[in-house]
Every structure is written in structure tokens, then in C-alpha cells.
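Single-structure report; data block below.
The values are calculated or read from the model by the stated rules, or taken from the named source; none is laboratory data. These numbers were taken from a predicted model, which means no experiment stands behind them. Here Cβ is always computed from backbone atoms with ideal geometry, including for glycine, and neighbour counts include all displayed protein chains.
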């Protein structure tokens with residue numbers, strides 16, 4: 001009997017050693033898979049940094065051009081401060097972009113051409129500023145009207161687009177590698193889970209056999225069984241969380257606009273935060289209000305609130321609501337069930353862009369603090385990038401001074417309308433409108449009065465002529481406008497030809513006495529600006 005017991009103990013010892021070896025090997029494999037996943041993320045961040053730096057370069061150059069245009073158009077020297085600030089930032093950023101491009105042989109050959117393009121653009125801006133500061137405003141505005149600045153900006157934009165396209169291809173390659181690492185991690189987790197299940201079965205068998213010899217041994221084995229089950233459950237939850245967070249990031253990267261992104265966040269936020277109720281607020285453009293972007297669960301949330309109503313925003317860090325009524329309760333959370341809720345500020349690019357409110361008590365939060373921080377960082381980065389992309393898109397088609405659609409938007413829209421007219425055999429009319437003697441009007445009554453008249457300059461000529469304007473109780477007299485009209489395809493088959501014909505017709509209307517509309521003549525010679 002003693003030999004049988006010893007033999008049984010030896011067999012159990014061998015089995016336990018085998019189990020431990022499998023667990024150790026499985027753990028090492030899982031750790032290696034996680035290391036591979038982390039390593040795949042690093043090059044993605046590097047490429048994203050290069051793309052972000054190149055975007056800042058282009059935005060800064062656009063800011064310099066917009067500020068100088070505002071100075072030239074209004075004479076307001078307040079526009080010079082952002083202009084010089086943009087130039088200072090540009091010198092730093094272009095050095096960083098040149099260094100990053102020079103580090104890559106594929107981009108190094110583009111550095112001299114990009115530097116030359118930027119130097120040409122800066123020289124053009126400096127020339128306009130110098131002419132204006134010397135009192136030659138007409139010459140400065142003539143430089144603007146010639147369109148060379150737009151050509152130089154397009155050259156810089158084209159070079160940066162080529163660079164960003166190449167970097168995007170590299171980013172896509174790294175995303176592919178990251179996706180492969182994620183798939184490998186999923187495979188590892190799946191196999192690890194299967195191995196763990198087998199180990200659970202084996203341990204259960206050992207527990208049943210050990211019960212004959214020792215109740216204490218059985219209890220110990222049962223405890224290990226529970227620990228393994230909890231580990232499996234934790235692994236499954238972490239896998240589901242990682243999958244949802246990764247999928248959310250991929251979809252947000254491909255979102256067309258903020259509305260589509262909000263729909264995605266409304267669907268995925270309950271999964272990635274693993275909580276039954278919550279809300280996402282975004283900071284309004286005025287910076288003095290947070291507005292509800294999406295919510296889930298059955299706990300009501302305010303539509304908007306001020307930043308001072310949230311202790312998390314005021315402290316600049318996550319904040320948990322006290323269980324009892326207290327002065328430290330956030331004012332934007334009213335319901336009694338909000339006790340234990342967490343307010344998580346969303347920070348991107350150095351500023352607070354929103355807040356996530358999670359409604360639940362301590363035992364309801366399935367994510368660890370580290371997982372919660374990683375999730376919040378991923379959501380913040382995605383929303384921040386979407387907002388930057390939307391801002392850049394708006395800046396490309398809207399004038400920074402007036403907020404109106406700019407010439408680039410006009411050219412794109414006119415090209416689209418001409419193509420539509422060609423398909424449907426229709427006619428497109430282009431009106432070029434100018435306020436007659438507007439400079440004298442501004443000089444006589446001041447720019448504020450000029451703005452009052454300019455707000456109505458979109459009316460038709462006859463309506464403008466009948467206006468009776470006043471400013472601070474004083475009659476300002478009347479305004480008239482001249483209009484040049486060109487028709488597609490009679491006066492041109494391209495946006496450039498139509499705009500040139502309408503411009504020529506405008507000058508004819510002004511030469512013929514102003515306060516009239518003139519139709520362009522076919523084949524009319526170009527008129528100097």
C-alpha cells in the first residue's frame with residue numbers, strides 16, 4: 001500500500017511539474033506576444049508624429065498668409081502679431097520637418113525643393129508687408145491680385161502632400177504590421193485559453209483524486225481552479241476590450257466627419273469603457289461651455305454645462321463623485337444615482353477638448369486604472385485628430401478673416417457646376433460685383449460704417465442703389481455697385497475663363513460710369529487688373 005501511495009504521489013508530482021511547465025511556457029508566449037504588439041505600436045507613433053509636424057508646418061504657413069492678408073485688407077496692425085508669431089513658429093517647425101525628412105533617404109532629396117518653396121513663399125509675404133509698410137498699399141494689393149502667392153502656396157502644399165502621401169503609405173504599412181501583431185496576439189490568447197481550459201480539466205482531475213488523501217489538498221486545488229477561472233475571465237475581458245478599442249481607433253481614423261465619428265463613439269464607448277451608463281461632452285468653440293455629444297444608459301445627463309461645474313475639469317484630473325451630498329459634488333450631476341460616478345477630462349494637443357462621465361460605483365468599473373487611462377488616451381487622440389482634420393479642411397476653403405468661402409472653394413464649386421452644365425446642356429452665369437468708390441466711402445465714414453454697408457453688398461444693384469445707410473444717427477448717403485456677368489459656355493469653358501470674362505465685364509461697367517451690370521463680350525481682350 002505504501003508503494004502504491006508513493007507511486008501515486010510521484011505521478012501527481014510529475015503531473016504538477018508538467019502543469020507548471022505548461023503554465024510557464026504559456027505565460028512566456030503571452031508576454032512575447034504582448035511585447036511584439038507594443039513594438040508594433042512604436043513606429044506607428046513615430047510616423048504619426050512626422051505627419052502631425054508636417055500638418056503644423058502647413059497650418060502655420062497658412063496662418064501667416066491669412067494674417068498678412070487681413071493686415072493688407074484692413075490696415076489693422078493687430079493682424080501683424082499673429083503674422084510674426086506664425087513666422088517664428090514656422091522657422092522652428094520647418095527645421096523639425098527638414099530634420100525628419102533628411103533622416104529618411106526616400107525624402108531627403110525633397111528637402112532642398114521644399115526649403116526653396118517655403119523661402120519663395122516667405123519672400124513673397126515679406127515683399128507685400130514691406131510695400132504696405134512703406135505706404136504703397138496699391139502695389140501690395142496688386143501683388144495679392146496677381147495670384148503668384150496662391151501658386152507658391154500650392155507648390156508648398158503639393159510638396160507637403162507628396163511627403164504626407166509617402167508617410168501615409170509607411171503608416172499604412174506599420175498599421176498592417178500592427179494588425180498582424182494584433183492577430184498574432186488574438187491567436188496567442190485563443191491558444192492560451194485552450195491550454196488554460198485543458199489545464200483546468202487536468203487540475204479538476206487532480207482535485208478529484210487528491211480528495212481521497214487530503215481534504216486540505218482538495219481545498220487548495222479548488223482555490224487554484226478558481227484562480228485559473230478568474231484569469232481566463234480576465235483574459236477574455238481584456239481581449240474583448242482590446243478588440244473594441246482597436247476597432248474603434250480604426251473606424252475613427254477613417255471617419256469622414258465629426259457626425260460620423262460621434263455615431264461610432266455612441267456605439268463603441270459602452271464597450272471600451274465596460275460600463276452601463278455614461279456620456280461624452282465636447283468643449284464648444286467658445287471654450288466656455290461643454291455640450292453633450294453622445295450618451296448611453298438610462299441615467300439622464302445635462303445637455304450642456306460650464307467648465308466650472310465639474311471638479312474634474314477644474315482639477316485637471318479624473319474625479320470620483322462622493323457617495324453623500326457634499327460641496328465637492330459636481331454641479332452638472334444631479335441624480336442621486338450619480339454617487340460614485342467618475343468625471344474623466346479629455347486632453348489632446350495640450351488642451352482640454354471634452355469630458356467623459358461614467359456612471360457607476362466602484363465594483364461596477366471593470367477596467368483597471370491603467371486600462372482606463374489607455375482607453376481615455378486613445379479616445380482623446382482620435383477626437384483631437386478628427387477636430388484638427390476638420391479645422392484644416394475648413395481653413396482650406398474658408399477665409400480666416402471673414403469666415404466666408406475663399407477663392408479655392410469658388411474654383412472647386414465653379415468647376416463642378418461647369419461640368420454639371422456640360423452634362424445637362426445648361427448655362428452657368430458668373431457675377432463679378434464691386435462696390436463703387438468704396439475706398440472713399442471708408443475714408444469718409446470710417447471702417448465701421450464701411451462694414452455696415454459691406455454687410456448688404458450681396459444684394460442686387462438696384463436694391464443697393466436704394467439703400468439709405470446711417471451710422472450712429474448720421475446719414476451716410478447711398479452706395480452703388482457694378483456687376484460683371486459671364487455665361488457658360490458662351491464666354492468660356494473653364495472656371496478661369498469665366499472668372500476672367502466676368503472680371504473684364506466688371507471693369508467695362510466701371511469705365512462706363514459704374515452703377516450698372518454689363519454682360520461680357522465674346523472674345524474680348526484681357527483687361528489689366
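Points worth noting:
- All conditions in (1) surrounded by 15 or more Cβ atoms within 10 Å (Cβ to Cβ); (2) within 23 Å of residue 454 (Cβ to Cβ); (3) at pLDDT 80 or above hold for residue 71, with the sole exception of (3).
- Among residues of the stretch 492-506, those that are out of contact with any helix residue (DSSP H, G or I) (no Cβ under 6 Å at 6 or more places or on another chain) and either buried (at least 21 other Cβ atoms within 10 Å of the Cβ) or more than 15 Å from residue 428 (Cβ to Cβ) (or both), counted: 7
- Restricting 357, 382 to residues that are touching a helix residue (DSSP H, G or I) at 6+ places or on another chain (Cβ under 8 Å) and either buried (at least 21 other Cβ atoms within 10 Å of the Cβ) or assigned to a helix (DSSP H, G or I) (or both) narrows the list to 382.
- Sub-7 Å Cβ pairs linking a first residue in the stretch 61-78 that is over 29 Å from residue 97 (Cα atoms) to a second residue that is outside any helix (DSSP H, G or I) and modelled with pLDDT under 80, at least 6 apart or interchain, are 73/401, ordered by first then second residue.
Let's see how each residue does on (1) part of a helix (DSSP H, G or I); (2) modelled with pLDDT of 90 or more; (3) touching a strand residue (DSSP E or B) at 6+ places or on another chain (Cβ under 8 Å):
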residue	(1), (2), (3)
279	no, yes, yes
286	no, no, no
291	no, yes, yes
298	no, no, no
301	no, no, yes
314	yes, yes, no
322	no, no, no
325	no, no, no
328	no, no, no
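- Evaluated against (1) over 30 Å from residue 390 (Cβ atoms); (2) touching a helix residue (DSSP H, G or I) at 6+ places or on another chain (Cβ under 6 Å); (3) at pLDDT 75 or above, residue 268 falls short on exactly one condition, (1).
- Taken over the stretch 79-90, the criterion of being within 23 Å of the chain's Cα centre (by Cα) and touching a residue at least 40 places away in the same chain (Cβ under 8 Å) is satisfied by no residue.
- Test: residue 486 is modelled with pLDDT under 85, in the same structural domain as residue 426 (by TED's automatic domain parsing) and in contact with a helix residue (DSSP H, G or I) (Cβ under 6 Å, 6 or more places away or on another chain): yes
- With respect to the stated conditions, residue 463 fails to be touching a helix residue (DSSP H, G or I) at 6+ places or on another chain (Cβ under 7 Å) and either closer than 15 Å to residue 427 by Cα or outside any loop (DSSP other than H, G, I, E, B) (or both).
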